[in-house]
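The values are calculated or read from the model by the stated rules, or taken from the named source; none is laboratory data. Not measured: the values here are computed from a predicted model. Please note: Cβ atoms are built from the backbone with ideal geometry, for glycine as well, and neighbour counts cover all protein chains shown. The area values use the complete protein model at the heavy-atom level, side chains included, leaving out ligands, DNA and RNA. Shrake-Rupley method; radii C 1.70, N 1.55, O 1.52, S 1.80 Å.
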Amino acid sequence: LYPILVRLSDRELLESQWEADAPAGRPPRHLYRLTAAGLEYAAAHAHAAVAQTRRGRPALGSAS
């Protein structure tokens, strides 16, 4: 999972930062958020998956 997150960050589809206020006794977490470009990319691919499903093709990741 983490190599994928790093690649998405490198492509500026995600922004990442370390958690600022980690509770005592737990190490800080690395937080990820979609950028505007990442949101557009995700929306475009979601629309494409819906369109393929409507045409009778299985959506990406579905079992056939």
In nm, spacing of pseudo-spin labels at D10 and V50 (7 Å Cα→C-beta vector): 3.2 nm
task: Relative to the longest principal axis of the C-alpha atoms of the chain, give the angle of the C-alpha long axis of helix 36-54, reported between 0 and 90° and rounded to the nearest 10°.
output: 30 degrees
- request: Calculate what fraction, in whole %, of the accessible area of the chain sits on carbon and sulfur atoms when a 1.4 Å probe is rolled over the protein chains.
  value: 59 percent
- request: Pairs of Cα atoms under 8 Å, at least six residues apart: use those to get the relative contact order of the chain, whole percent.
  value: 23 percent
- prompt: the chain: D in µm²/s via Stokes-Einstein (Kirkwood Rh, Cα pairs, 4 °C, 1.567 mPa s)?
  reply: 92 µm²/s
